[in-house]
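Nothing in this text is a laboratory measurement; each read-out follows from the coordinates by a stated rule. What you see is a predicted model, and the numbers here were worked out from it, not measured in a lab. Because the Cβ atoms are built from the backbone with ideal geometry, glycine has one as well, and the counts that use them run over all protein chains shown.
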Amino acid sequence: MSLTVIKYDRGMSRWEPNARGRLEQAALKLYIERGFEQTTVAEIAKLAGLTERTFFRYFADKREVLFWGAGALQELLVSTVADAPDSQAPITAISAAIEAAGALFQERRESALLRQSVIAANTELQERELIKLASLASAMAGALRQRGVREPGASLTAEAGIAVLKIAFERWINGTSQQELPRLIRELFAELKEVTAGR
């Protein structure tokens, strides 16, 4: 009995290890070098060593390369709020959720910085980012309502959390603060609590 060895051409392979990551890296590189508008899906796929068909298996369009993680981020925020002890104040639950998000960004600092520079250079992407942040605030407000927090308190607390995230993230990427993002978030929440307490 003979053993047949089948060799696959790299271009014909059906499984590509970390295809999503390769596509994301290629897209960010091209967006930085050439600009978001000037970059095509075909160029992204080619740089990643993949096909356009593979690109569309992971992303609906080239904008989604920048926003595909929003669902997982929302899940993290909502589950952190939902899992907080019943005795915990709403702002403390939101603070823990935002800090967890900050830890996620800290792990991916380089790609977070690149992503933000691409978004900052494009008005359409800035609008999409604002929509994403509004969705995150709405989801966290929903999680607070599930915990029995009434309106408008649930929405106010969730929106305050997103405001802290935006300010902390801005300071973190602009080098205004040399601290790690989770610590910066903690400090800003402490400052927010101090200001609202009237001290």
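Odds and ends about this structure:
- The chain: angle of helix 70-83 to the longest principal axis, Cα-based, in degrees nearest 10: 40
- Compared with the alpha-carbon gap, the fully stretched path from A103 to R150 is longer by 14.0 nm at 0.36 nm per residue.
- Theoretical FRET efficiency, 1/(1+(r/R0)^6), r = Cβ-Cβ of R20 and A163, R0 35 Å, to 0.05: 0.70
- Alpha carbon convex hull of the stretch 106-182, volume per residue in cubic angstrom: 100
- The long axis of helix 90-107 is offset from the longest Cα principal axis of the chain by roughly 30 degrees.
- Rounded to the nearest 20, the size of the Cβ-charge dipole of the stretch 17-65 about its Cα centre is 160 debye, with Lys and Arg at +1 and Asp and Glu at -1.
- The calculated FRET efficiency for the pair V41 and E191, based on their C-beta separation and a Förster distance of 30 Å, comes to about 0.10.
- Helix 109-120 vs. the chain, principal-axis angle (Cα, 0 to 90°, nearest 10): 90
- Separation between Cα centres of the stretch 123-198 and the stretch 59-84, rounded to whole Å: 15
- Value of [θ]222 nm, deg cm²/dmol, for the chain, DSSP H segments ≥ 4, -39500 (n - 2.57) each, nearest 500: -23000 deg cm²/dmol
- Placing unit charges on the Cβ atoms only, positive for Lys and Arg and negative for Asp and Glu, gives the stretch 72-194 a dipole magnitude near 40 debye about its Cα centre.
- Per-residue Karplus couplings for the stretch 123-129, computed as 6.51 cos²θ - 1.76 cosθ + 1.60 with θ equal to phi - 60°, are listed in order as 4, 4, 5, 4, 5, 5, 5 Hz, Gly and Pro entered as x.
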